[in-house]
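None of the figures in this text is laboratory data; all of them are computed from the coordinates on show. Remember, predicted model here, so these are calculated numbers, not experimental data. Glycine gets a Cβ as well: all are built from the backbone with ideal geometry, and neighbour counts include every protein chain shown.
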Amino acid sequence: MSIRQPIAFAVLAFATLLAVACKPEPAAPAASTNTEPAPPVSIAAPAPTDALDASDISSPALDAKAFAGTFGGDDDTLELRADSTFRLSAKADATKAITGTWSTEQEGEHLRLTPAGKGASTRLYDVVSRDEIQKLAADGTPAADPVAASLHRQ
């Protein structure tokens, strides 16, 4: 065996390796010459729903402007204003209204009404849907009679 044979073998192996490793990339497909515009895509609006889902709530709070409105029940009327203020009045005597500010808790699941005066206590409501809230006890537990504690959007 001469010295030329191992060198020739090495050169042949190296050339084979280069040929295999350096394959050209496949050509990109030719650009379409179609000049017609694509047909418009129709996106259906989501079906309306009463229940809140994650898209309804902007964490960590509801959007005050979007949620503002008047809610009423058997005994009370609650006006939630877009500037985060409220007015709560009893239907039996609307002259004794409570005013103050409202805020959200637990990523928009609860509303807290904080009265402006010292005589009234803070109230807590559960956000059932965009159109219903239910009064909760001060510790956040549900009312004994949720139907009587419910206020509906008017």
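For this structure, a couple of remarks:
- Taking amide H as placed 1.01 Å from N in the peptide plane, His110 has its amide H under 5 Å from the amide H of Glu105, Val127, each at least 5 places away in sequence or on another chain.
- Cross-link pairs beyond the 22 Å C-alpha cut-off, checked among Lys65/Lys91; Lys91/Lys135; Lys65/Lys118: Lys65/Lys91; Lys65/Lys118
- Gyration tensor verdict on region 57-153 (Cα atoms; rounded if a/c is under 1.5, prolate if a/b is larger than b/c, oblate otherwise): rounded
- Note on Asp75 and Ala120: the model spin-label points, each 7 Å out from Cα along the C-beta direction, lie 1.4 nm apart.
- Normalised contact order of region 57-153, rounded percent, pairs of Cα under 8 Å and 6 or more residues apart: 22 percent
- Local net charge near Ile98, Cβ-Cβ under 14 Å (Lys/Arg +1, Asp/Glu -1): +4
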